[in-house]
Amino acid sequence: DQQVKQNSPSLSVQEGRISILNCDYTNSMFDYFLWYKKYPAEGPTFLISISSIKDKNEDGRFTVFLNKSAKHLSLHIVPSQPGDSAVYFCAASFFTGGGNKLTFGTGTQLKVEL
Amino acid sequence: EPEVTQTPSHQVTQMGQEVILRCVPISNHLYFYWYRQILGQKVEFLVSFYNNEISEKSEIFDDQFSVERPDGSNFTLKIRSTKLEDSAMYFCASGSGTGEQYFGPGTRLTVT
């Protein structure tokens with residue numbers, strides 16, 4: 001089941017530069033997309049989300065872009081900071097009457113170097 | 001800031017034993033979820049719970065698993081007879097229905 005894919009297992013970026021993390025999905029029913037940050041032995045921390053009716057959502061240093069025709073979303077972090085080093089997961093969902101189960105990608109390990 | 005809490009942080013059990021993992025979701029949330037992550041793999045959905053009943057479950061969530069919200073604050077996951085392959089991090093999450101889900105710190109289950 002590869003409905004959500006993150007093709008880059010790792011990314012290394014210099015402090016102060018832009019980090020771009022990518023995610024592709026296959027299920028056209030997905031209408032809500034989220035990015036989570038995760039440290040080892042901790043739970044995922046919600047970062048930012050976007051509904052399929054939008055193509056961009058911004059929150060501070062984090063911006064998520066959605067290209068529905070390409071079934072692609074990306075997370076931009078600018079400027080990148082050493083504290084951003086973690087695994088980033090994208091997740092996709094659609095609402096049913098009882099909630100919205102999240103389908104996760106495999107994650108991208110971001111390392112921000114000094 | 002409200003947060004999801006989970007206990008215990010680490011549970012070691014023998015194969016065939018029953019375990020109960022506990023979660024306290026964010027208090028005004030209505031939707032509750034369990035996910036798990038086997039070491040080195042992605043986070044996988046197990047079950048969602050709304051209005052005091054299971055609203056969706058994955059194929060992983062077989063008859064050995066059950067969930068309960070016994071008292072309006074706790075949300076539990078029970079595994080009746082644990083197997084070696086149940087060893088994983090188990091995450092509880094809750095949401096208000098806007099789409100975001102907030103995760104607890106997880107329970108690391110080790111089945112020996």
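Read-outs throughout are calculated quantities, based only on the coordinates presented, and are distinct from any laboratory measurement. These numbers were taken from a predicted model, which means no experiment stands behind them. Methodologically, a virtual Cβ is constructed for each residue, glycine included, from the backbone with ideal geometry; neighbour enumeration extends over all protein chains shown.
Quick notes
- Inter-centroid distance (Cα atoms) of the stretch A:82-114 relative to the stretch B:1-20, Å: 23 Å
- Normalised by residue number, the volume inside the convex hull of the Cα atoms of the stretch A:4-113 is 97 Å³ per residue.
- For the peptide A:57-63, the mean number of other protein chain Cβ atoms found within 10 angstrom of a residue's Cβ is 0.
- Of the Cα atoms belonging to chain B, the radius of gyration and Dmax stand at 13.1, 40 Å.
- 10 Å Cβ neighbours from other chains, averaged over peptide A:100-113: 4
- Taking 19 Å as the limit for the C-alpha separation, the pairs A:LYS56/B:LYS42; B:LYS57/B:LYS78; A:LYS5/A:LYS71; A:LYS38/B:LYS83; A:LYS5/A:LYS68 exceed it in the case of A:LYS56/B:LYS42; A:LYS38/B:LYS83.
- Mean projection area, nm², convex hull over Cα of the protein assembly as shown: 12.3 nm²
- FRET efficiency estimate (nearest 0.05) - Cβ-Cβ, A:THR26 to B:LEU84, R0 35 angstrom: 0.65
- Averaged over A:45-53, number of beta-carbon atoms from partner chains that fall within 10 Å: 2
- Residue-wise HN-Hα coupling along the stretch B:74-79, computed from phi with Karplus coefficients 6.51, -1.76, 1.60 (Hz; x: Gly, Pro): 8, 9, 10, 10, 10, 10
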